[in-house]
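Here's the structure we're looking at; comments come further down.
No lab work stands behind these numbers, since they all come straight from the coordinates. Because the structure is predicted, anything quoted here is derived from the model rather than measured. No Cβ is skipped: glycine too gets one built from the backbone with ideal geometry, and neighbour counts run over all protein chains shown.
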There are 4 protein chains.
Amino acid sequence: MIVAMRSDASQADVDVVVQRITEHGLKAISLPGGERVAIGIASTIPPEVRAPLTELLEVMPGVDHVAQVSRAYKLASREFHPVDSVVEIKGITIGAPTFTVAAGPCAIESRDQLMRAAEAVKKAGAKALRGGAFKPRTSPYAFQGLGPKGLRYLKEAGEAAGLITVTEIMDQHDAEMIAEHADILQIGARNMQNYALLNAVGLLDVPVLLKRGPGATIDEWLLAAEYILCQGNRRVILCERGVHPLDRTYTRYTLDVSAIPVVKSISHLPILVDPSHAAGNRAYVPALCLAAAAAGADGLLVEVHPDPASALCDGPQSLSLGTFETLMQDIRAFCRKKRL
Amino acid sequence: MIVAMRSDASQADVDVVVQRITEHGLKAISLPGGERVAIGIASTIPPEVRAPLTELLEVMPGVDHVAQVSRAYKLASREFHPVDSVVEIKGITIGAPTFTVAAGPCAIESRDQLMRAAEAVKKAGAKALRGGAFKPRTSPYAFQGLGPKGLRYLKEAGEAAGLITVTEIMDQHDAEMIAEHADILQIGARNMQNYALLNAVGLLDVPVLLKRGPGATIDEWLLAAEYILCQGNRRVILCERGVHPLDRTYTRYTLDVSAIPVVKSISHLPILVDPSHAAGNRAYVPALCLAAAAAGADGLLVEVHPDPASALCDGPQSLSLGTFETLMQDIRAFCRKKRL
Amino acid sequence: MIVAMRSDASQADVDVVVQRITEHGLKAISLPGGERVAIGIASTIPPEVRAPLTELLEVMPGVDHVAQVSRAYKLASREFHPVDSVVEIKGITIGAPTFTVAAGPCAIESRDQLMRAAEAVKKAGAKALRGGAFKPRTSPYAFQGLGPKGLRYLKEAGEAAGLITVTEIMDQHDAEMIAEHADILQIGARNMQNYALLNAVGLLDVPVLLKRGPGATIDEWLLAAEYILCQGNRRVILCERGVHPLDRTYTRYTLDVSAIPVVKSISHLPILVDPSHAAGNRAYVPALCLAAAAAGADGLLVEVHPDPASALCDGPQSLSLGTFETLMQDIRAFCRKKRL
Amino acid sequence: MIVAMRSDASQADVDVVVQRITEHGLKAISLPGGERVAIGIASTIPPEVRAPLTELLEVMPGVDHVAQVSRAYKLASREFHPVDSVVEIKGITIGAPTFTVAAGPCAIESRDQLMRAAEAVKKAGAKALRGGAFKPRTSPYAFQGLGPKGLRYLKEAGEAAGLITVTEIMDQHDAEMIAEHADILQIGARNMQNYALLNAVGLLDVPVLLKRGPGATIDEWLLAAEYILCQGNRRVILCERGVHPLDRTYTRYTLDVSAIPVVKSISHLPILVDPSHAAGNRAYVPALCLAAAAAGADGLLVEVHPDPASALCDGPQSLSLGTFETLMQDIRAFCRKKRL
């Protein structure tokens, strides 16, 4: 941590800052510059001290600003865990060197719809079935999901087709029930900073797919992952699904493809990409899937529906079964990962 | 709702769209344009039909896009409720013609801290005491609040000073406990689209302060309010607290002052402003408080701390008691509201 | 164009709007809805009438808002020019079915630097040499380019290596001089809405590479292209180079990969991608190059420097010659375009 | 400047960085931390060295990132010019302690329109007349301004009403002609980083109003001011006019009111606010004008039109003469500035 003093700070101001750092058991080094003094902290700062100490220093007399030299997260950081994490579920792996595709409808609408989708995505090469039983919808008047009945269909369809399953959890008090029916719990983008939920799934022994909030910086996203990791659950999978767009004329969000190499460089966690929610329009989904594969993602989360035109949720962004099959063939040709 | 067809859509495409609308019991009018046909829906569309019908039409052959003529929310809309809503709590009103200031520390740290803050803000003219017992923090290593003990301090301090109280709820299962200790439940910005939480507070008979998510459009914010309103709880107070900034060099968020006249024009709900979280730096807070008052806000939510330099949370953005007192005098001079 | 009236608009309000449309020689159709009336314009609206008529209608009594059914640009639109445009320069083509790579240093620093870069990028498979003689820099104290001397080096290096050349124009009064030395004039992101410059290059008979402004919507970008096209110059190449990021911690901008399929669907103009400026960090450039190729871009603009560590401009984002060679081999493996 | 090394950097990496800094005649101090070494520069860094040295250090082996302790601009900074700058033109002052209002139509449309506007805004209390003769328009099909004829009307109307005048310059080669007709040259938001234009007006002896680009950070804006200042022209007036919005449903841009106290704290330059372009809707303009005055702005730039419904440009955001008169009375009541 570096404390940059104002150019008009007095020596007394500097001394008090140094003293305050020393009181925390840390070593301070004063660094006189041309225009101003900077004070560096030359010790390891315990994680629980970093945030309060930063806030404390920022308001002291003569302080201009405080710059962080180290990152705020540890368990999610590649610096302290250089090897890629691989999450294994029932023999399916997510993370290097595999490219793993999860596909299925946005919302589970009926047993028949899900069985058909599961069979088709399995045949096309998907390893996981996605489908929502509890749906977060912007409007209270939109379809909210089938609830527990949907979970039962999901379990049945996954087992029938030989696919692992992923579904969203919205209420921490549903955790056990959902974990009994699905293999991966998904934290949706709107809940990325719902800390009650993050803490709850952090205490479970079940993989968690953590979507990036559309307004979250990469550091905020990794800090949300840190919430789960520091409770003990180390099986966290990240999922990029688009950030706030400049305008919403053509796409709902802007898929941040550069998040893939950035996350790969600073974190060991696997990262999937969800181009369906990012685009909000199926016409753009295949191009974004190929871009994600080429950029080094560990897999995809794609919305596929047996009959998009009659979907109760997010129909415009769902691929038909035929388009998905073609897409999977294209991905095989372009994917940089060894195993698909 | 207007369905704009593509310029190369066939008459058959148009006919099928018209038929699909008619099947929903709605009247469709075809509007031939110079380049393309547009199809208008000439009936009232029930709220529960709007979202699924839009999604269905968007994916039909020949359709370019669907434009909404009416808004997606009803209960939050001024069109259907022309008179300003006023929320009354123990004789204190929020909403026209009063300007109501809620002040206090970001986090409740001790009984003494809160009692001192309560007494001072009351003396300066505040009507409500704010203070967090459950704190949503970006880092899992930061101070997370005192929990139930904090709630007891809040109730005691509010009663001692003669202030109503507001505190954040993060877990829907805490609702009853919090409602027993505080007068207004605050939904934080990170939870604006936590629908499990919105539904839960919608079923209570207690006022809710709904902060705008930093990435939420105004329509998304009003739809979040609609979640609460349509469950039966009509005492919703909006709170603008800053949207994602272009850069974070000087402020944490960008206070969207124009949201004040916009919300006043399209909704009847009262709107407060929280400049402390928006700025993240106390030096800019007084100017933003005065701007909010001048722009027509119904009040403020301001962080005030007896000793900002030792605050456990958000110290840099908290005003000292002295600065707050001066600010309240300035607001009296500039406020456009009749009563303060 | 659809004029949505307010729900409390009177019949007289509606009549006056209809009359105003009719006065412009256009046909208006009134569309009574459940809550409000909408008025559609059922004739082709001349381009020069659209903007002023929209503004005029928006302020009339009883009008809620005006929605555009058709797009504001014509010459850039695929609807009116369904076939992909291909720009040909000295036998090199940009646009389907070729994938064209332009590479070279950010700034031309010396004859030797440019000759070495040109030879190396040609050998690796690039078809065009990029290099700036006039550099737009955020700080007035940064290196501003070699000016006319740089242009002479560019011409010489391009001819020696057998590469076409592209360089930025910042002042419309330099147009002829630059056009004598380079094959493609680049309009930089900061000048995307410098209309004096757009008009000037629109009058020339030389291809123009139009970078997207970091804050520009796709429609604003295509309208900037329309400025050039409607002056008579039809050889416009678009270039996506990143939009404003949520934060600037890891990348300078967010590369908007979804702009590639969007532009392909609504416009016939070729689109290149510049991942170097978007990333601002060479570590992320290869992944973004591959993503752009996989998403269907027509080519790349990549910064390559013989000695990045001593570059006078944008060294951190420049690839070394060796990395670029490896990248070109990877692109050959992944590119969806037929010819490279 | 602080160079943060990677946690796995070798001592040799550190030594080479120190050596490179020393070669520039600067003093380097190594600061060993708990996890990584940081290297500080303990001398004044000449402005022309900062940018290239930063870029050079960022790409050296073992370097994680480079943090700036000092700011990139000098002449625009309050640190080196603690007293508020005041720009005086023909006896009218802009900057503390005066609040100065410039008003008038977006575009000059006719002699009569401008004469009427000038007389009315003068009577209501404005000190300056604004009006565009050269109009930057997003669409090439929109009205582009009257050009030189408009300039003559502006000069005549300003003199007749006793108002100073401000008008936009889009082409640096028009500078002399415009300076002969107007008192203040305006650089529009789209041209904030048109460096050819900034350099040209920097060489003139005429005040310049520099609008903030909608995507520009405050540092980028002050660096654009620095371009003008370092050419010798010290009469720069800043103008905030809104940044990119989260959505464009209700306003065209988001007025960044917090930019006012931020600029006041870091710079000595006067700052005006243009709520008309920010809002894009006259209904929200008065509230934003009052907010700007309350937040400490030095004045306003407001669009006023004798007949907004027939305006050729930006009619929806122009105030009528009557509304403007009422607004000026309200500002008198709320303005924190001594003199209006």
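How many times 2.2 N^0.38 Å is the alpha carbon radius of gyration of the protein assembly as shown? Numbers along the way, then the final one.
Values: Rg = 30.2 Å, N = 1360, 2.2 N^0.38 = 34.1 Å.
Rounded to two decimals, the normalised Rg is 0.88.
Connecting C-alpha atoms closer than 10 Å in a GNM of chain A, tell me which of A:VAL83, A:VAL206, A:VAL18 has the biggest fluctuation. Top of the fluctuation ranking is A:VAL18. With the convex hull of its Cα atoms as the shape, segment A:233-287 has an orientation-averaged projected area of 4.4 nm². Between copies, C:ASP205 shows label-point distances of 4.6, 7.8, 8.4 nm, shortest first, with the point placed 7 angstrom from Cα along Cα to C-beta.
Report, to two decimal places, the Cα Rg of segment B:123-262 normalised by 2.2 N^0.38 Å (N = number of residues).
Numbers: Rg = 15.4 Å, N = 140, 2.2 N^0.38 = 14.4 Å.
Relative to the rule-of-thumb radius for its length, segment B:123-262 sits at 1.07.
Evaluating 6.51 cos²θ - 1.76 cosθ + 1.60 at θ = phi - 60° for every residue in segment C:115-121, the Karplus couplings come out as 4, 5, 4, 4, 4, 5, 6 Hz, glycine and proline recorded as x. Under a 5 Å amide H cut-off, with hydrogens placed 1.01 Å from N, B:PHE99 pairs with B:ARG339, B:LEU340 among residues at least 5 apart or on other chains.
Projected onto their three principal axes, the Cα atoms of segment D:70-116 cover extents of 51, 24, 15 Å, largest first. The helix-only estimate of mean residue ellipticity at 222 nm for chain B, built from DSSP H runs of length n ≥ 4 each weighted as -39500 (n - 2.57), is -10500 deg cm²/dmol after division by the residue total. Give me the percent of DSSP beta bridges within segment C:87-334 that run antiparallel, rounded to the nearest 5. Close to 15 percent.
Peptide A:207-216 shows a mean partner chain C-beta count of 3 within 10 Å per residue C-beta. Using only the C-alpha atoms, the convex hull of segment D:2-67 corresponds to 71 Å³ per residue.
Taking the inverse of the mean reciprocal distance over all distinct Cα pairs, the Kirkwood hydrodynamic radius of chain C comes to 21.5 Å.
Shielding value for A:178-188 is 0, the average number of Cβ atoms from other chains within 10 Å of each residue's Cβ. Over all Cα atoms in segment C:1-138, the spread is summed up by Rg and Dmax: 26.0, 75 Å.
With 22 Å as the limit, the listed pairs C:LYS27/D:LYS135; A:LYS74/D:LYS27; A:LYS211/B:LYS264; D:LYS127/D:LYS211 have C:LYS27/D:LYS135; A:LYS74/D:LYS27; A:LYS211/B:LYS264 beyond it between alpha carbons.
Close amide H contacts of D:ARG248 (hydrogens built in the peptide plane, cut-off under 5 Å, sequence separation of 5 or more or a different chain): none are found.
Can you give me the Kirkwood hydrodynamic radius for segment D:44-94, using every pair of distinct Cα atoms, in Å to one decimal?
Numbers: mean 1/r = 0.0713 Å⁻¹.
After inverting the mean inverse Cα-Cα distance, the result is 14.0 Å.
Taken about its Cα centre, the protein assembly as shown carries a charge dipole of roughly 0 debye when the Cβ of each Lys and Arg holds +1 and the Cβ of each Asp and Glu holds -1. For chain C, a Gaussian network of Cα nodes joined below 10 Å ranks C:TYR153, C:TYR73, C:TYR141 by mean-square fluctuation, and the top entry is C:TYR141.
Shown in residue order for segment A:209-214 are the 3J(HN,Hα) couplings computed by the Karplus curve 6.51 cos²θ - 1.76 cosθ + 1.60 at θ = phi - 60°: 9, 10, 6, 6, x, x Hz (x for Gly and Pro). Using a 7 Å projection from Cα along Cα-to-Cβ, the label point at D:GLU176 is separated from the same position in the remaining copies by 1.9, 8.4, 8.6 nm, smallest value first.
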